[in-house]
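These notes concern the structure reproduced below.
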Amino acid sequence: MFIGCHLSSSDGFLPMGKTALSIGANTFQFFTRNPRGGSAKPFDKADAESLVALLQANNFAPILAHAPYTLNPCAADEGLRQYALDVMKDDMFRMDHFPGAMYNFHPGSHVKQGVDVGIDYITSMLNKLLTPEQKTTVLLETMAGKGSEVGRTFEELRAILDRVELSDKMGVCMDTCHVFDGGYDIVDHLDDVLEQFDKVIGLKKLKAIHLNDSKNPMGSHKDRHEVIGGGFIGLDALVRVIKHPALKDLPFYLETPNELPGYAAEIKLLRSK
Ligand code: FE
Ligand code: FE
Ligand code: ZN
């Protein structure tokens with residue numbers, strides 16, 4: 001099983017690989033820069049190459065970068081939309097140093113403009129961002145539907161994917177806390193939810209799972225992550241996720257409220273199931 005967690009990138013690339021190994025992980029996620037925005041550190045190519053060597057030597061699954069969650073590709077303000085594109089362009093350049101890596105982002109919030117306008121802005125940004133040469137797969141994250149977030153339903157994600165020209169560069173990252181908060185019953189009806197995903201988007205587009213429990217009940221639209229087994233999804237349902245035939249070969253990334261020892265314990269627990 002490929003499993004890891006979100007790690008801090010503040011010490012550079014290679015330290016993340018070493019940390020991942022020390023907690024029993026064989027993949028991980030990290031923010032490309034300060035998650036609240038701002039500029040990234042200068043790119044250290046030698047550090048990136050050291051990490052690539054470590055990943056290959058230890059048979060890691062593709063690593064997953066996460067765009068700053070403050071970016072809003074469907075903001076009403078043109079400057080904010082341009083900023084999202086500029087940051088993601090720079091991230092794409094950085095990520096191409098990690099062959100096979102993936103890059104996850106939140107589709108954004110349409111803030112009273114309506115979901116259709118939001119989807120228009122997101123797709124036009126993606127059509128400016130993606131290039132035929134890039135090696136990185138860009139993932140839309142399933143969202144909880146907090147406020148005016150786009151991407152709560154599989155239909156909204158499909159509408160985006162349908163209008164992206166280089167759609168083979170795109171995939172979806174399913175966040176278990178978000179889909180559950182968004183109203184999909186992955187606890188009692190996981191098969192049905194996956195069947196719906198397959199019908200609307202296609203399971204072959206599903207490239208990664210954010211494995212989180214939720215502090216709130218199904219359909220709450222809250223997006224508050226909980227430790228594995230400590231929330232409304234529960235350990236049994238999350239074990240069914242990692243063991244499901246349609247999901248078991250995907251990489252799983254924990255984004256639970258933990259420090260490293262907590263992550264190590266969750267990885268050990270999930271591997272033992
Ligand atoms: Fe996220
Ligand atoms: Fe997530
Ligand atoms: Zn979340």
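Quick notes on this structure:
- Dimensions of region 230-273 based on its C-alpha atoms, expressed as ranges along the principal axes with the largest first, amount to 30, 22, 18 Å.
- Region 29-75 - accessible surface per residue (Å², probe 1.4 Å): 45 Å²
- Among Asp11, Asp181, Asp86: highest mean-square fluctuation, GNM of the chain, C-alpha pairs under 10 Å: Asp11
- The charge dipole of region 142-259, taken about the Cα centre with unit charges on the Cβ atoms of Lys, Arg (+1) and Asp, Glu (-1), comes to about 200 debye, rounded to the nearest 20.
- Low-density loop positions, GluC sites (Glu not before Pro), region 113-184 - DSSP coil, at most 14 other Cβ in 10 Å: Glu133, Glu165
- The HN-Hα couplings worked out from phi for region 90-99 by the Karplus form 6.51 cos²θ - 1.76 cosθ + 1.60 (θ = phi - 60°) are 5, 4, 4, 4, 5, 5, 5, 7, 10, x Hz, whole numbers, x standing for Gly and Pro.
- Region 199-263: trypsin sites (Lys or Arg not before Pro) in DSSP coil with no more than 14 other Cβ atoms inside 10 Å: Lys248
- In this simple spin-label model, placing a label point 7 Å from the Cα along the Cα-to-Cβ direction at both Leu269 and Thr70 gives a separation of 3.3 nm.
- Probe 1.4 Å, accessible area per residue of region 133-247, Å²: 40 Å²
- Expected 222 nm ellipticity per residue - DSSP helices of 4 or more, -39500 (n - 2.57), all of the chain, to 500: -11500 deg cm²/dmol
- Using the Cα coordinates of region 72-212, the gyration tensor eigenvalues translate into equivalent-ellipsoid semi-axes of 24, 19, 13 Å, sorted from longest to shortest.
- Of Asn258, Asn212, Asn26, the residue with the greatest mean-square motion in the GNM of the chain, using alpha carbon springs below 10 Å, is Asn258.
- With θ taken as phi - 60° and the Karplus curve 6.51 cos²θ - 1.76 cosθ + 1.60 applied, the whole-hertz 3J(HN,Hα) list for region 54-61 is 5, 4, 5, 5, 10, 6, 6, 6 Hz, x standing for glycine and proline.
- The accessible surface of the chain, taken with every protein chain in place and a 1.4 Å probe, is 52 percent carbon and sulfur.
- Shape summary: region 31-133 maps onto an equivalent ellipsoid whose semi-axes, from the alpha-carbon gyration tensor, are 29, 14, 12 Å in decreasing order.
- Length available on full extension from Asp44 to Leu235: 0.36 nm per residue minus the Cα-Cα distance, which gives 64.8 nm.
- A simple spin-label model places the labels of Asp116 and Lys243 4.6 nm from each other, with each point 7 Å out along Cα-to-Cβ.
- Length added when fully stretched, Glu259-Asp188, from 0.36 nm per residue minus Cα-Cα: 22.6 nm
- Per the Debye formula on identical point scatterers at the alpha carbon atoms of the chain, with no solvent, log10 I(q)/I(0) at q = 0.09, 0.10, 0.13, 0.17 Å⁻¹ is -0.38, -0.47, -0.83, -1.47.
- Computed FRET value (nearest 0.05) for Asp96 with Arg36, which takes r as the C-beta separation and R₀ as 30 Å: 0.75
- Qualifying trypsin sites (Lys or Arg not before Pro) in region 1-50, where qualification requires a DSSP coil assignment and no more than 13 other C-beta atoms within 10 Å, comprise Arg36.
The values are calculated or read from the model by the stated rules, or taken from the named source; none is laboratory data. All values derive from a computational prediction rather than experimental measurement. A quick note on method: Cβ atoms are made from the backbone with ideal geometry, for glycine too, and the neighbour counts reach across all protein chains shown. Just the protein is used for accessible areas: all its heavy atoms, side chains included, with ligands, DNA and RNA removed. Shrake-Rupley method; radii C 1.70, N 1.55, O 1.52, S 1.80 Å.
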